[in-house]
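The values are calculated or read from the model by the stated rules, or taken from the named source; none is laboratory data. Since the model is a prediction, treat every value here as computed from it, not as a measurement. Neighbour counts run over all protein chains shown; Cβ positions are idealised from the backbone, glycine included. Only protein heavy atoms, including side chains, enter the accessible area calculation; ligands, DNA and RNA are left aside. Shrake-Rupley method; radii C 1.70, N 1.55, O 1.52, S 1.80 Å.
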Amino acid sequence: MMSSTTRDAMAKRRPGLRTFVITRSTFAGAGAQVGKWLGDNLSTWEHYRNSIAGMLGFASLFQVPEVGSDVWLVSLSFSGFVLLT
């Protein structure tokens, strides 16, 4: 609900221009107004498979045309995980 309100406010503020709103939380029918971000994923095969399945699900089942996720490069160090962007 907040994402569609944000989109409406942006459209009123700058009429004639297209709005672009990305959100992590969606609701039924949100794909007509906003895009979906699936969040951060590690660069492991399990995370790749899950993010691809999630993007395909949102694009096909839930009709959200703008969907995506971030992939982080992970390197092991002596102190644990180090995230590299």
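Brief remarks on what is shown
- Flag for residue 69 being over 10 Å from the mean Cα position of the chain (by Cα), in a strand (DSSP E or B) and either modelled with pLDDT of 80 or more or among the small types (Gly, Ala, Ser) (or both): no
- Residue, most open to solvent (accessible area, probe 1.4 Å), within the stretch 4-26, restricted to residues that are among the β-branched types (Val, Ile, Thr), under 18 Å from residue 58 (Cα atoms) and not in a loop (DSSP other than H, G, I, E, B): 22
- Hits in the stretch 27-53 - residues which are part of a loop (DSSP other than H, G, I, E, B) and under 24 Å from residue 7 (Cα atoms): 27, 28, 29, 33, 34
- Residues satisfying the stated conditions in the stretch 54-70, i.e. open to solvent by 60 Å² or more (accessible area, probe 1.4 Å) and either free of Cβ contacts under 8 Å to residues at least 40 places away in the same chain or more than 20 Å from residue 2 (Cβ to Cβ) (or both): 56, 60, 61, 62, 63, 65, 70
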